[in-house]
Amino acid sequence: MLNVDAMRKADKADTQDGAAVATSKPPVVEVLSASKTFGDGTQALAPVDLTIQDGEFLTLIGPSGCGKSTLLKLIAKLIEPSDGRLVWWRGGFDQVGSDGKKLAFVFQDATLMPWARIGTNVRLPLDLAGMAKDVSEPKVADALARVGLESFAKHYPRQLSGGMRMRASIARALVTNPDLLLMDEPFGALDEFTRNKLDADLLDLWWEKKLTTVFVTHSIYEAVFLSTRVAVMAARPGRIFKIMNIDEPMPRDERFRESPRFADLCRQLSGWLADASLPAARASHGDQAL
Ligand SMILES: Nc1ncnc2c1ncn2[C@@H]1O[C@H](COP(=O)(O)OP(=O)(O)OP(=O)(O)O)[C@@H](O)[C@H]1O
Ligand SMILES: [Mg+2]
């Protein structure tokens, strides 16, 4: 049996200069010295300590293979840690259940059912939860409207562009009214213009609902634009290298993207990423406000 309080104390001691994020809100998920070694012996994650705060937009960034998806899957309860543990606060999460807190996962591919119309695709989690159609249909219409696809409920996925399919996938995630949104490189396959537009829309949605979000990307610009915190990860073994707080006011728009402050933050994050990619990257886990 693990001693959670002792682990939390260790987590605080590890943060540089004790600069842990001070917050009055309870956490949503605590990752407590959780590590992951897969069956074939690959050590994907060394022990990770991370607290996901209520209402934050946390982005994981780092070189390929540093364990971003593995950490996200641990948080999503899709896989179990090999050691350590995770604590889901406020009653825990069900993935598609109608009771309790819910989490939603958006993958890099839209993963829509090609034979089903967009409305049916978005309704899937509610159908799986056994919700009657007359109750679920208004929720589907609302979720489609929130991503700007209100006129496309009767279309098939093949009739939509890549960006629109990702919007549909986000609508499917939002339809359950989740408490935690997990997104693994959702816009990685899209052109930069579409990605910027979807980033801005995602930020508006996040702002409207204050929906706790954990997001994975390879894009420094996307990380700085969207996040309240960015966790830079390093590989071999996967771990959190540094955490950057981005205290820029919300909601953000194009003016932020074009500001000197944005450029400064991107430069700083780029430097950290380069350090994290060095073979001898020194493990350090500290929250740093810039
Ligand atoms: N199911 C699995 N079995 C064995 N090894 C795995 C499995 N899933 C991931 N790995 C390994 O664990 C490490 C971390 O993988 P993960 O997919 O979490 O990295 P990532 O940071 O998401 O990479 P990318 O940026 O390329 O998506 C890699 O070395 C990967 O090969
Ligand atoms: Mg990945």
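The values are calculated or read from the model by the stated rules, or taken from the named source; none is laboratory data. No experiment lies behind these values; they were computed from the predicted model shown. Virtual Cβ from ideal backbone geometry, glycine too; neighbours counted across all protein chains shown. Just the protein is used for accessible areas: all its heavy atoms, side chains included, with ligands, DNA and RNA removed. Shrake-Rupley method; radii C 1.70, N 1.55, O 1.52, S 1.80 Å.
The magnitude of the dipole of region 132-197, with charges of +1 and -1 set on the Cβ of Lys/Arg and Asp/Glu and taken from the Cα centre, is near 240 debye.
Surface composition of region 24-289: carbon and sulfur make up 52 percent of the accessible area, probe 1.4 Å. Restricting the calculation to Cα atoms, region 24-289 shows an Rg/Rh of 0.96 when the hydrodynamic-style radius is the Kirkwood one. Under a 5 Å amide H cut-off, with hydrogens placed 1.01 Å from N, Val28 pairs with Ile52, Gln53, Asp54 among residues at least 5 apart or on other chains.
At a Förster distance of 25 Å, what's the computed FRET efficiency of Glu192 paired with Met250, Cβ-Cβ distance as r, to 0.05?
0.65
A simple rule links phi to the HN-Hα coupling: the Karplus curve 6.51 cos²θ - 1.76 cosθ + 1.60 with θ = phi - 60°, which for region 75-83 gives 5, 7, 6, 7, 9, 9, x, 6, 8 Hz, with x for Gly and Pro. Each of Phe57, Phe38, Phe105 has its accessible area taken with a 1.4 Å probe; listed largest first, they run Phe38, Phe105, Phe57. Taking all Cα pairs closer than 8 Å and separated by 6 or more residues, the relative contact order of region 112-234 comes to 25 percent.
Normalised by the number of residues in region 24-289, the mean separation of alpha-carbon contacts (under 8 Å, six or more apart) gives a relative contact order of 24 percent.
Could you state the number of Å between the C-alpha centres of region 232-248 and region 57-91? So the two Cα centres are separated by 13 Å. Counting only C-alpha contacts under 8 Å and six or more residues apart, can you give the relative contact order of region 164-290 as a whole percent? The normalised contact order for region 164-290 reaches 23 percent. Computed about its Cα centre, the charge dipole of region 24-289 is approximately 300 debye, with only Lys, Arg, Asp and Glu carrying charge at their Cβ.
Taking the solvent-accessible surface of protein heavy atoms with a 1.4 Å probe, what is the per residue accessible area of region 24-289 in Å²? List each step's numbers first, then the result.
Details: 11550 Å² over 266 residues.
It amounts to 43 Å² per residue over region 24-289.
Once the Cβ-Cβ distance of Asp109 and Lys210 is raised to the sixth power relative to R0 = 30 Å, the FRET efficiency obtained is 0.65.
Only protein heavy atoms count here; under a 1.4 Å probe, Lys209 has an accessible surface of about 90 Å².
Annotation: amide H of Phe241 within the under-5 Å range of Val232, Met233, Ala234, sequence separation 5 or more or interchain, hydrogens built in the peptide plane.
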